[in-house]
1. For C:G100, which sequence-distant residues (separation of 5 or more, or a different chain) have an amide H within less than 5 Å of its own amide H, given hydrogens modelled in the peptide plane?
2. Per-residue ellipticity at 222 nm for chain B, helices alone: DSSP H runs ≥ 4 residues times -39500 (n - 2.57), over residue total, nearest 500 deg cm²/dmol?
3. What does a probe at A:M1 reach in region A:67-94, counting residues whose amide N is under 18 Å from the point 7 Å along Cα→Cβ?
4. Normalised by the number of residues in region A:27-184, what is the relative contact order in percent for Cα pairs under 8 Å and 6+ residues apart?
5. Counting Lys +1, Arg +1, Asp -1, Glu -1, what net charge surrounds A:Y126 among other residues with beta carbon under 14 Å of its beta carbon?
6. Arrange the peptides C:38-51, B:386-399 so that the one whose residues have, on average, the most other Cβ atoms within 10 Å appears first.
7. Going by how many other Cβ atoms sit within 10 Å of their own, how do B:H535, B:H158 line up, fewest first?
8. What ranking of B:H568, B:H483 emerges when the number of other C-beta atoms within 10 Å of each C-beta is taken as an exposure proxy, fewest first?
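None of the figures in this text is laboratory data; all of them are computed from the coordinates on show. Model, not experiment: these values are computed from the prediction. Glycine also receives a Cβ, built like all others from the backbone with ideal geometry; neighbour counts cover every protein chain displayed.
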Amino acid sequence: MMPVISVIAYLALAPFAGALLDGLDRKLAARMQGRKGPPLLQPFYDLGKLFSKQMIAVNRVQILLNLSYLVFLAIAGSMLFAGADILMCTFLLSTADMFLVMAASCDSSPFSTLGAGREMIQMMAYEPLVLLMAVGFYLATGTFHVGEIIRAPACAVIAMPGFLLGFIFITAIKLRKSPFDLSTSHHAHQEMVKGITTEMSGPALGIVTVAEYYEIVLMLGIVALFFLNRHWWSWPLAVAACLLVYFLEVLWDNVSARVKWDTLLGSCWVATLLTGGLNGLILMFVR
Amino acid sequence: MGMQIVPFWLVPILILWPVLAAAVLPLVRSARARGVVVYAAAAGVMALAAALLGGWLAAGAPVITLYADTGGVDHLMLAGELFLMALIIVLSVRYRQYPVILLSAAQTGLLLYTEQTWPAAGAFHMQIDCLTMLMCVIAAFVGGFICIYAVGYMKAYHRHHAEYADRSGFFFSMLFLFLGAMFGLVLSENLIWMYFFWEVTSVISFLLIGYTRTEEAVHNSFRALWMNLLGGLGFAIAIAVASATLGTVQLGEVVAARAVIPIAMLSLAGLTKSAQLPFSSWLLGAMVAPTPSSALLHSATMVKAGVYLLIRLAPALAGSATGMTVAFIGGFTFIAASMMAIAQNDGKKVLAFSTVSNLGLIVACAGIGAEETIWAAVLLMIFHSVSKSMLFQAVGAIENCLGSRDIESMHGLLLRLPALTYIMGVGIAGMYLAPFGMLISKWVALRAFVDADNYLLVIFIAYGSATTMLYWAKWLCKLVALHRTKEQVTDVTHRDQYLSMLVHAGSTLLLCLLFPLLATRVVDPIIMELFGEAHDVLSMSVLTTMAVMLVSVIFVPALMFLITRSAHSQIVPIYMGGANEGDNTYFVNSYGEPEHLYLSNWYLRFDFGMRRLMRPSVIVATGVLVVMLCVIVGGAV
Amino acid sequence: MAKLAKSPWLLHYDGSSCNGCDIEVLACTTPVYDIERFGIINTGDPFQADILLITGGINHQSEAVVKQIYSQMPDPKVVVAVGICACTGGVFKDCYNIKGGVDTVIPVDVYVPGCAARPQAIIDGVVKALEILQQKREAFLARRA
């Protein structure tokens, strides 16, 4: 029964939670820059507007792929919140991302194709750590099963701090934060317009935005997984940790400039090796 | 259950039927008649394999050993080996490739000496079991359809390449001869027999690579020959040592005895055949051959003979130094080849690198030699054979239509050659997207590597998956770009080519849908035979999750299609800074003139190019291989 | 204010401006003026914009571009001409290459005069445009229903 409730809760509430976090993000960022910033509920206004706009498109396929992206993200997230296999969840996450990349590529437009290419590089950059992290959970708790990981006697993070560090590193890519916001950005005026979302308009962009909110909650769900255990106090601890990680991402976004793809790839792969690689190796030895 | 007699008289027919076809085909002069003969021969191969499979299944799928006493055939094989040696010597002299003669003479001489000095006691020569039957079915059906495909392909090929002499008769003859040899190879239990068929496949591969007789083709074919002969030499040494020390040349007994030197030498042979680093370059060079031979020999079946041998050896590889080496070489090849694939824009080259890379994964699984890893290896082998053969065929057909197999020229192929693009799409999705077979097998492999405490392989697989994803994803994106070009392309693909590709595409989808059945009915018995026990590698909950995923992958886009079909959207031109000429293909440049839009993929040549990575990879792999072979052989002597 | 008016996204295009007005437009996004207070985002993409902000007069080269960008914006949308050149052609009005103000090629909803237009005036113009946007939206929804 629990998994069903948590999946329904995820499907129903994640967009709201994601939008609220986004609003918080924009508010925080504005304050860090010495501005007042938009209202906290601004993301809701934006979404409402996007869905009420006229549907224009460059072809009839893109919206289909956008919707598939949304649905796959929702399924990937549901698998995490249903307590299923974390490795499967990460595989599905990449499949979902592939639909976004294809949605951008099918336009065959210069800016979105460039964005799609960069998105693929980003996927290549974060993929190793995501896979290693799943292995890390297996080494630390003896299972890939999320439902069993959260019933472990102690927080997983005690055994795998390196993985958490690495995960924070690559979450910047997933949340499209500087210095890794190569494929598209929430900020305006960049060299490739809106990158991967350039040709997405009105409801199509709304769909991608909602999918991103699902993704934020999914990523934070994985962060929470590092902290959850069978004791009740681990839940508030996990929530606090998620908020802290999110704050760190916003901070990082505001204090760094975008890097080039080779720096992105190199730094992510080296960071993966130093955090996940070493941590996993140690876990393997003590097992 | 009533015991039925397995129709084992089908076994020699299965081997000889394609050989007969090979003998007849060069005599048929007219192209039309040749096509008919090929269809009939391929249908015969498939029917024979199906009959054997059916009879064997009806008898309860037992392990059967055949042919204890085979004096005459042994002498025939000896004559065959001498003939092969003579052929190699003649061709080597003609093309001034003298070192090859040494390799060939050394191994044939060694084998002759072994057979005279330590005649092995009479034992059965062939064996039918689950793994053998699986390999036979793959070779018969994938191979049969590739032969059918080749009929249409070769016509178009020679229309496009008038500069090459049309030797289609020879080409088909070699394809069928290869099928016969492949059946012989997988059915053989006696190492001397297996060695004979092994050499036949090497030589056929050599002849097919040199098909066009251009300088490049000849050069590449000799490279393939010497590398495969090196493996053959390893094979011969294994036979010599096994008969000298163990007094047996039965593969099963060698594995059971865990004889170190024969196992190491056989592994070397397996590594060369499956084009692992440092021997990968022969398979990359083999891409000069016409596509059906690339599909049949260099991805779907012959290179699988290498991994087949390694899987046979797996129980002896588990936990041994040889196994560690094999696993390292495989994992290393997996990541290195997938990185180099990123920098390739030639469709066939990408497929070649991907083949090497996937074989690496299978080899790594075999090297670990645990139950779980072999489970993954067998599955990978099945999925890879079908999808990769289909991809090769699709690229071949596309090349015949476009006159190019450059991935860049496939931009917007969905609008130009929709049918072929869908086939490519199924193949590519099958190679790397969840929840298709390759990915699931990879997932099992990842778990098995963790359980085997091999963290290096875990890291290889983590990084290798990422690089694999990139080169497939960017190809897929190139295909789905909805880009209208003015140049007209006509689909010159023959109906027989489509038949073969559609059967492959259907099998790919079906294999995914029937995955649980495949796992329990095909893979588990193989594990059972190799290890004497089989546990459920995938739990029921995982299988259900997978079913959910598979259904969603197929139905979500379909459902979205239905939902969005009714949505009214106004179609506007793509954004090009307002300078779109209105047709999404041209834009106004700074002189006010129309300029064609050209979108290129990322190739990251300076970072992942072959020029940068190949040499270090070969050095690392050679170093590890040489040092470990010295340690293993030195330790055993 | 209703949904649309709370989330107006801008597209800023330079017709043939001397860059004076452009600098002032960008000044609006700085912490001093902080247009994000109103939920305004300066997106660079017509597909995602509600308000087209044009500076400078229209010349023969930019004419087609402005028309195309305008066509790529989804309804409902408004156009704000920023600076005297965008309003009428300004001092360049009689130049051989200038067609005139923005309204010679696409319908303009709000005119913001000035040379250069001050940030306060630009923000004022945008807020004015929001009311028109709201009316257009109601008309758009009524038409769609």
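1. Counting only residues 5 or more places away or on other chains, the set is C:I58.
2. Values: 26 runs with 446 residues, N = 637.
So the calculated ellipticity at 222 nm is -23500 deg cm²/dmol.
3. Residues passing the 18 Å test: A:82-83.
4. Details: 138 pairs, mean separation 30.9, N = 158.
Over region A:27-184, the number comes to 20 percent.
5. Here the count lands on -2.
6. Numbers: C:38-51: 23.5, B:386-399: 28.0.
Descending packing order for the listed peptides: B:386-399, C:38-51.
7. Numbers: B:H535 10, B:H158 17.
By the 10 Å Cβ count, ascending: B:H535, B:H158.
8. Working: B:H568 7, B:H483 23.
Fewest-to-most Cβ neighbours within 10 Å comes out as B:H568, B:H483.
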